[in-house]
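First up is the structure itself, then whatever we jot down about it.
The values are calculated or read from the model by the stated rules, or taken from the named source; none is laboratory data. Bear in mind the structure is a predicted one, so any value in this text is a computation, not a measurement. With ideal geometry, Cβ positions are generated from the backbone for all residues, glycine too; neighbour counts draw on all protein chains shown.
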Amino acid sequence: MRRIYVVAGLPRTGTSMMMRCIHESSALTLVGDRNIERLPVGPDGSIRPRTAEYDFNPYGVYEVERPPVWWALPDLSLIKRILTSSVIPPPFDGLSYFVCSMRRERDEVTASWWRTFGSPFDTKRFELAEEMLDYMRDWGHAITEVDYNRTIEDPLKTFLHLEEEGWPIDPRKAAVLVEPALYRHRSSR
């Protein structure tokens, strides 16, 4: 049985932080790369450059540019998916999915989006993400919901829970990678 590990969530919910922690504390194979040089593009096409005061994801965004060919991924793959960009398909013979669904308060997501991209967040994405998670639950994916704020407060507890849910990680190694100083944009604009 091949196992695919997926970190999923809306933008600005901590998916990149979670990818970094899991990738650097496990033997999972990263699908794609960290995209460390990727910069946020505003709605008008302008690029917001990195500065000493502003770095939207200093360790990379860990996104793949195109949806993967799921059936072709090797065992113990680790991939990040933005919930509203593509669905994680139903499992089929010889393939199972473990999904870490990242959660964050709505007002924090919208505030962080505003400060990062300078435009309002499309709040319809919250409902679409829930619909996608419902499909995945119906299909039998192993979904572990992870709260961003609780991960910042007690990272070891979060990663011990993921390990209990079947994620092949070193919880202590993952926990030390969480940087509370990067927890910003907590309130609405």
Tell me, which residue of region 66-82 that is of a type in the set (D, E, K, R) and assigned to a loop (DSSP other than H, G, I, E, B) is surrounded by the fewest Cβ atoms within 10 Å (Cβ to Cβ)? R66
Scan region 116-138 and tell me whether some residue there is surrounded by 14 or more Cβ atoms within 10 Å (Cβ to Cβ), of a type in the set (A, V, I, L, M, F, W, C) and modelled with pLDDT under 90. yes
Filter region 156-189 for residues that are modelled with pLDDT of 90 or more and among the hydrophobic types (A, V, I, L, M, F, W, C) and give the result. L156, F159, L160, L162, W167, I169, A174, A175, V176, L177, V178
Applying the selection to region 83-102, what residues are touching a strand residue (DSSP E or B) at 6+ places or on another chain (Cβ under 8 Å) and surrounded by fewer than 18 Cβ atoms within 10 Å (Cβ to Cβ)? G94, L95, S96
State the number of residues belonging to region 136-163 that are in contact with a helix residue (DSSP H, G or I) (Cβ under 7 Å, 6 or more places away or on another chain), assigned to a helix (DSSP H, G or I) and within 21 Å of D107 (Cβ to Cβ). 3
Among R125, R137, the single one that is touching a residue at least 40 places away in the same chain (Cβ under 8 Å) and of a type outside the set (A, V, I, L, M) is R125
Looking only at region 120-130, decide whether some residue is out of contact with any strand residue (DSSP E or B) (no Cβ under 9 Å at 6 or more places or on another chain) and farther than 19 Å from A8 by Cα. yes
Candidates T158, T144, filtered to the one that is buried (at least 20 other Cβ atoms within 10 Å of the Cβ), in contact (Cβ under 8 Å) with a residue 12 or more places away in the chain and of a type in the set (S, T, Y): T158
Name every residue in region 87-127 that is among the small types (G, A, S) and assigned to a loop (DSSP other than H, G, I, E, B), in order of residue number. G94, G118, S119
Number of the condition not met by Y59 [criteria: (1) in contact with a Lys or Arg (Cβ under 7 Å, 6 or more places away or on another chain); (2) more than 22 Å from A129 (Cα to Cα); (3) modelled with pLDDT under 65]: (3)
Taking the stated definitions as given, is E63 assigned to a loop (DSSP other than H, G, I, E, B), surrounded by 16 or more Cβ atoms within 10 Å (Cβ to Cβ) and charged (D, E, K, R)? yes
